[in-house]
Every structure is written in structure tokens, then in C-alpha cells.
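Where a number appears in this text, it was derived from the coordinates with a stated rule and is not lab data. Everything numeric in this text was worked out from a predicted model, so none of it was measured. FYI the Cβ positions are ideal-geometry reconstructions off the backbone, even for glycines, and counts take in every protein chain you see.
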Amino acid sequence: MKIAFINPTPMDHYSPAIRALSAFVRLEGHTTRLILLPADTYGHRFDRGHITQIPQSMVWDLLDLVRDCDLVAVSFLSSFFDVAVQVTRAIQKEMSEKPLVWGGFHPTTMPHQSLEFVDMVCVGEGELAFLELVQRLEDARDFYDIRNFWFRRTDGKVIGNPVRPLIQDLDTLPYQDFDFIDNWTYDGKKEHLIPLDWKRYVQVGPKYIDRNRDMRLAYKTMITRGCPHKCAYCGVAFVHDLYKGQRYLRRRSVEHMIGEIKSVTRRYPEIGIVHF
Ligand code: B12
Ligand code: SF4
């Protein structure tokens, strides 16, 4: 199955969720296209009000990119809800039959609201659930009982399935998809979506100051999942409760982490800093 992942994200192109999910489904032979849309968490507050309006040229490019995909998967945090809704509505208007699924922190915490926009919503950790959905869709099998998913059935009935246990051994997961095989980003000057290949990533990827005060290209990754705390202002408190009784903070092994760093820095010598 060919899957288009869409992630509204700031311009550092760090999209851990879709890179993780893409790597996971590619292991099973599926092909993926990663579309990283600009979404500004700060700037638009001052010049365009609170809603980011995505340009029409970007919508047209996006429609072209999802047309040949069997499934569209949108991942987002609450700050990017406005972009997620615009993208979703544009696709639904043009391709009403295209299966569309939402996941990520916002849909996890707001599945009821999310089902007002799409019929399939992933709650919580996504790898195993999403792969199961992809396989069932591919086999044209019923999917309404998949754990971690909420659905709105064609008769309007809402189904909220329980979550499956968290993946405790993070070393069983592949390294994030950092292959740049079919990745896209927005070029503000051309006002179009353009391929995000490695050459382009070197220009636009995150840069940090090293100990010599030189700006270096950073490789961003994650060594843990979850959090040991439950700060009152943080969405994590909700996820703690969702997975009550389970070990929520999980760590990758040192070997797994070093294996990832070695493989990525050998492949891309331009990387000067590893950030996690
Ligand atoms: C690491 C982290 C960051 C990193 C990476 C952000 C990211 N996109 O994951 C950095 C430092 C860049 C960051 C920045 C921000 N963050 Co932050 N961050 C976290 C943190 C600590 C962990 C997130 C994480 O584990 N990501 C790794 C990926 C693999 O996990 P995931 O996103 O949950 O994805 C899994 C599932 O949700 C699901 N899934 C995700 N998408 C999809 C899509 C589909 C279709 C399916 C089926 C499943 C699925 O599968 C994935 C794999 O299991 C959380 C708190 C926490 N402890 O969880 C806050 C958190 C996610 N951040 C938050 C916020 C607000 C932000 C910012 C918007 C802050 C700001 N104003 O600038 C920015 C956004 C920048 C960005 N690029 O997205 C909020 C989000 C709240 C909300 N309601 O959405 C959180 C929850 C903390 C909080 N304050 O409550 N953050
Ligand atoms: S704000 Fe608190 S609960 Fe949220 S991720 Fe950070 S330490 Fe964990």
C-alpha cells in the first residue's frame, strides 16, 4: 500500500512521529511519501491572527501528491490543528473516497472532536495499530475492532476501542526513516511543494552551535518515550492516565542508540551535532 504521511511542523523538519511510523510500515513492504508542511507556532500570531492560512498553490500541490496514494495519514500536535483541518478538508472535497486517518498528540487527547473531521483516529502509540489498519485496508477486511482506533462508522455510530499495551522494548523498533526517498517540503520563494532530498535538507535542516561556536547541521532523534513526570500544564498527564498501570517512560538501549548515530553519521557526513 502507498501511504502519504502529512505533518504540519515548524521549518526544522523534525517530524519524529511520521518518521517512526514510516520506518515501521516500510519494514512490511509498504511505500511511503512524507509531506512536511510549514506550520509556524509563533509568527502567525502577530501578522495573520491565530489561524495559519495555507496558500492555494500548496493545496494544489498537496492534492497532486496524495492522488496516487491509497491512504492519507495526518499527524499533528494541537498547535497545528488549523493546518490539519485545512489539509483534510481540501482532500475530502477533491477526493471524497480517499481513506484519511488522524493521529498524534491532538487526536489522542481529542478523539471525539477529531471524528467530526475524519472517520478514523488513532489514540496513543501508533506503530502496531497503524500497521494493522494498513493491512486490513489492503486486504479489504473489517477494521472497526482495531485497538487504539476510534472510528465513525458509515451509519454515524462512534466506536472507541481500548488501547493496546505500550511497546516496552523500544529496541524492537526500527531507526526513524531518514532516507529522504520521497519527502516533500514547502519552498516559500517558489510557493510550491518541492522534493526534500538530502541536498535540500542540508540547507534547511536544524542548525545548532557547537563548542567552537560554529553552526552545525543537527540530527534530531529520541532516546526515550513517555515521561516520568506529570506536570499540571502538560498533555502528558492525560497519556499517563490512558496507560495507567503500565511503564510509561521507556528507554532505548545505549547500543541501539549508538547504532543509529553511527549509521546516520556514516551515511551523512554533513551532520555535526546529534540532538536528543
Ligand atoms: C519530544 C517533544 C518535542 C520535540 C519533538 C516534537 C514532536 N513532534 O514529537 C520538540 C522539542 C521539537 C517539541 C516541540 C514542540 N512541542 Co513537544 N513534546 C515532546 C514530548 C516531550 C515527546 C513527544 C514524542 O514522544 N514524540 C515522538 C513521537 C514518536 O511520538 P508521538 O508524536 O506521540 O507519535 C506517536 C503517536 O502519537 C502516534 N501517532 C502520531 N502521529 C500519528 C499519525 C497517525 C496517522 C497515526 C495512526 C498515529 C500517529 O504514533 C506515534 C508513534 O508511536 C511531548 C511530551 C511527552 N512526554 O510525550 C511534548 C509535546 C508533544 N509537545 C507539545 C508542544 C505543544 C510542542 C510545540 C508545539 C511547542 C511550541 N509551541 O513550539 C513544539 C512543536 C514542534 C514540532 N516540530 O512538532 C505538547 C503537545 C500538546 C498537544 N495538545 O498537542 C506536548 C504533549 C507537551 C505538552 N506541553 O503538553 N516537542
Ligand atoms: S512538561 Fe513535565 S510532564 Fe510534560 S514532558 Fe515535560 S517533564 Fe514531562
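Some observations on this one:
- Counted by Cβ distance under 14 Å from residue 57, the other residues give a net charge of -2, where Lys and Arg count +1 and Asp and Glu count -1.
- Bridgeable lysines around residue 98 (alpha carbons under 16 Å apart, same-chain partners fewer than 8 residues away excluded): 2.
- Residues residue 241 and residue 141, FRET efficiency given R0 of 22 Å [Cβ-Cβ distance, rounded to 0.05]: 0.10
- For the chain: rounded, prolate or oblate by the Cα gyration tensor [a/c cutoff 1.5]: rounded
- Chain lengthening between residue 158 and residue 27 when straightened (0.36 nm per residue, less Cα-Cα): 44.0 nm
- Residue among 62, 108, 234 farthest towards the positive dipole end of the chain, charges placed on Cβ: 234
- Average Cα contact separation per residue, the chain, under 8 Å, 6 or more apart, as relative contact order %: 18 percent
- CD proxy at 222 nm, helix term only [per DSSP H run n ≥ 4: -39500 (n - 2.57); per residue of the chain; nearest 500]: -9000 deg cm²/dmol
- Shape category assigned to segment 1-125 from the gyration tensor of Cα positions, a/c cut at 1.5: rounded
- 19 Å Cα-Cα reach of residue 220 towards lysines, excluding residues that sit fewer than 8 places from it in its own chain: 199, 207, 262
- Of all the options 32, 185, 52, the one that moves most in a Gaussian network model of the chain with Cα springs shorter than 10 angstrom is 52.
- Net charge of Cβ neighbours under 9 Å - reference residue 224; Lys, Arg +1; Asp, Glu -1: +4
- FRET E, pair residue 275, residue 168, Förster distance 25 Å, beta-carbon r, rounded to 0.05: 0.50
- Linear extension gain, residue 208 paired with residue 95, 0.36 nm per residue minus alpha-carbon span: 36.6 nm
- Taking Lys and Arg as +1 and Asp and Glu as -1, the other residues whose beta-carbon sits under 10 Å from that of residue 70 total 0.
- For the chain, the share of DSSP beta bridges that are antiparallel, to the nearest 5, is 40%.
- With the convex hull of the Cα atoms taken as the outline of segment 206-275, the averaged projected area works out to 6.6 nm².
- Highest-MSF residue in the chain out of 233, 175, 201 [GNM, Cα springs under 10 Å]: 233
- Stretching the chain fully between residue 128 and residue 200 yields a gain of 22.8 nm (0.36 nm per residue, less the alpha carbon separation).
- Taking the chain as a Gaussian network of alpha-carbon nodes connected by springs under 10 Å, the highest mean-square fluctuation of the residues 79, 96, 15 belongs to 96.
- Contact order for segment 206-275, expressed relative to its length and based on alpha carbon pairs under 8 Å spaced 6+ residues apart, stands at 42 percent.
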